[in-house]
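I have placed the structure first, in the form of structure tokens, so that the comments after it can refer back to it.
The values are calculated or read from the model by the stated rules, or taken from the named source; none is laboratory data. Here the structure is a predicted model, which is why all the values come from computation and not from measurement. In this analysis, Cβ positions are derived from the backbone assuming ideal geometry, glycine residues included, and neighbour counts consider all displayed protein chains. The protein model used for the area step is the full one, side chains on, heavy atoms only, and it has no ligands, DNA or RNA in it. Shrake-Rupley method; radii C 1.70, N 1.55, O 1.52, S 1.80 Å.
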Amino acid sequence: TGNVLSSSGTKVIVEPWSGSDDQLWSHCVLLGIDRSKAYHTITWPMAHDSHTDKETSNYHGIPGHPSWEDQTQDVRRQLVGGIRVVRISTGLYAGITNGGTVRLVHTIVLKEFSDYLNRMRDFLDAHPQELVTIYDEGDAGKSDGTNTQLENDLATQYAATFGGDASAPKRVFVPGQGGMPTLDEIKANGWPTVQQMLDAGIQVIVFMKNDFPMVTDNNGVLKHPWILPSPRFFTSNPYDNKMAVNDYKTRPACVDVTASPATGLFKFNHFFYVPFGDKYEQSSRAYNIWTVGDLLVEDALRAWVVNGFPPNFVNVDFYQGVEGARSHLTTLVRAINSSTSAADLEQRLKGLYLQNTSVQIGYPYAAGANQPRYQLVNAQAGPDGTRYALSVSSISFPPKGPPQMLAKAALSPSNPTDPIQQWFLRFNAPGSGVQLHTMSENRCFVLLQRWAQPFVPDFNLGYYLDKDCDAIGDAGWEFSPNSDGTYTLRKSGDSTRVLGPIRSFGPGEAVGMVAANPKDRSQCWEVVTLNTVPYPGFLPANR
């Protein structure tokens, strides 16, 4: 009820709160896009099902958060928040056939497409140096209309919103017109730069699935050449990434990041289907901690490593984060666009704290066997006060048969630099949790819960070479924090099995999987960084 900032023409003033639009403000995210780069060499943040937002959708009085709600802000606020690619579904419905109103659809009719485009136009009017991509997966399948009718009505709506005519709406990229390349030239030489398109008055690129465009004249020439057929341009990873368990606090598996086929623009889908009865239901708000949190960063880095190139579109639900989850989407996109390689991107991620189960463990991870590295020091000292660190006692190369022992090796001034006591956290394991690696004999090995030694039933730890780690399904570790700052290292998804001493072995004790005992200090571990240079923050900053 007090005084607030208001906009009045070109001035900002202070006046009593009224709730009017000129008193409402949005957090504006500037992506820092290098407009001198070609369109296909840039990574863009993408809002999946952009039109299914709670703010403007027509839910016909349905309470709560329907399963088809994938965003919480309307498209204008999404664009202000940094989104530059929007996935939508347009369609026609029964009774809307000839010259009818195009609707945005999902499982129900949501709202008119004209409202959506008008909000986008308002953003573009205020930001003439911004380029927005529309990725439309709609069709007329739920109506008595046809796809031909839908395309004609769509073209009419674009022209009504942006000007021009149905064959070439203003602001929209048209191949072969206005100095722009043809589709064949794009396929051969790539896209023009963002600045070249802006200089030509282009602010919108439209892709469609489902055999669009299809409307031709009597000579077989496409009437709407600005509708670009997405299958000709795009590759993507799987769309339906399914959660293994219906527990949003449990870290899910990494998604399949493989671009298939590995050609064209890469649309990287990063949202989850959640178990719901005997089916899978998409977009639970509670799971967005994994959709846009550090798992997104980890999977995007993995995608670059696996495919050899970064994604072009990073497609997520709840792009800004909801229910207390912090979104890394726009910050990640800025980091990718300022990196020259996956290794370069990894350096920019060093300050990103890793999430694990429902907490953040507070330690950055690495994509390979470089920094950062840690020692895992047991919280229980020996009778004489000697401290012990988790160590590889010996290992063969290549590993054969049962694994060699893990042990608690005594700390000494020389041991912190000993590779057998150096560990680093790497990609999330396929089950959940993170992978724990050690350097031994200049070779990287991943620790996993596999291979039981018959004479020690609980000792079931093994190693694989680093190059094989992405295929390992039993290498997940969760860092469960204790009140004194130590951690319990437990088997992913199983709080009853933890890393702890088993029996006397040489100068220390053999270490393996044991039954969890919260009162046993020997099952508690301190994470000691071996880096002498502080890690930078997650760069570049989200501003």
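A residue that is assigned to a helix (DSSP H, G or I), over 26 Å from the mean Cα position of the chain (by Cα) and surrounded by 20 or more Cβ atoms within 10 Å (Cβ to Cβ) occurs nowhere in region 121-137. Flag set for Gly145, criterion: surrounded by 15 or more Cβ atoms within 10 Å (Cβ to Cβ), in a loop (DSSP other than H, G, I, E, B) and not hydroxyl-bearing (Ser, Thr, Tyr).
Filtered by the rule that a residue be closer than 22 Å to Gln320 by Cα and charged (D, E, K, R), region 1-59 gives Asp21, Asp49, Asp53, Lys54, Glu55.
Listed by position, the strands (runs of 3 or more DSSP E) enclosed by region 234-333 that each have at least 2 residues that are open to solvent by less than 10 Å² (accessible area, probe 1.4 Å) and modelled with pLDDT of 90 or more are 265-270, 313-316.
If the condition is being in a helix (DSSP H, G or I) and in contact with a helix residue (DSSP H, G or I) (Cβ under 7 Å, 6 or more places away or on another chain), then region 186-195 contributes only Val194. Hey, can you tell me all the residues within region 13-37 that are open to solvent by 70 Å² or more (accessible area, probe 1.4 Å), free of Cβ contacts under 8 Å to residues at least 60 places away in the same chain and over 20 Å from Phe123 (Cβ atoms)? Within region 13-37, Val14, Pro16, Trp17, Ser18 meet the criteria. In summary, Ser6 fulfils each of the numbered conditions (1) surrounded by 14 or more Cβ atoms within 10 Å (Cβ to Cβ); (2) over 23 Å from Thr235 (Cα atoms); (3) under 20 Å from the mean Cα position of the chain (by Cα) with the single exception of condition (3).
Could you check, for region 26-34, whether at least one of its residues is outside any loop (DSSP other than H, G, I, E, B) and under 22 Å from the mean Cα position of the chain (by Cα)?
Kept after step one, since they are outside any loop (DSSP other than H, G, I, E, B), are these residues of region 26-34: none.
Checked region 26-34: no residue is outside any loop (DSSP other than H, G, I, E, B) and under 22 Å from the mean Cα position of the chain (by Cα).
Count, please, the residues in region 283-296 that happen to be without any contact (Cβ under 8 Å) to a residue 60 or more places away in the chain and of a type in the set (Val, Ile, Thr). The number of residues fulfilling the criteria is 2. Does Glu151 fit the bill of being under 13 Å from Pro213 (Cβ atoms) and either in contact (Cβ under 8 Å) with a residue 40 or more places away in the chain or not in a loop (DSSP other than H, G, I, E, B) (or both)? Spelling it out, Glu151 is indeed under 13 Å from Pro213 (Cβ atoms) and either in contact (Cβ under 8 Å) with a residue 40 or more places away in the chain or not in a loop (DSSP other than H, G, I, E, B) (or both).
Would you say Ser143 is hydroxyl-bearing (Ser, Thr, Tyr) and modelled with pLDDT under 95? Give the steps one after another, and end with the answer.
Numbers: hydroxyl-bearing (Ser, Thr, Tyr): yes; modelled with pLDDT under 95: yes.
It is true that Ser143 is hydroxyl-bearing (Ser, Thr, Tyr) and modelled with pLDDT under 95.
Condition check ((1) part of a loop (DSSP other than H, G, I, E, B); (2) of a type outside the set (A, V, I, L, M)) across all residues:
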site	(1), (2)
Asp184	no, yes
Met197	no, no
Asn219	yes, yes
Pro231	no, yes
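Of the candidates Ala168, Ala200, Ala160, Ala188, the single residue that is open to solvent by 20 Å² or more (accessible area, probe 1.4 Å), at pLDDT below 95 and either out of contact with any Ser or Thr (no Cβ under 8 Å at 6 or more places or on another chain) or farther than 21 Å from Arg232 by Cβ (or both) is Ala188.
Close Cβ contacts (under 8 Å, 6 or more residues apart or on different chains) running from residues in region 226-240 that are over 23 Å from Gln157 (Cβ atoms) to residues that are among the aromatic types (Phe, Trp, Tyr) and at pLDDT below 95 comprise Asp240/Tyr273; Asp240/Tyr280.
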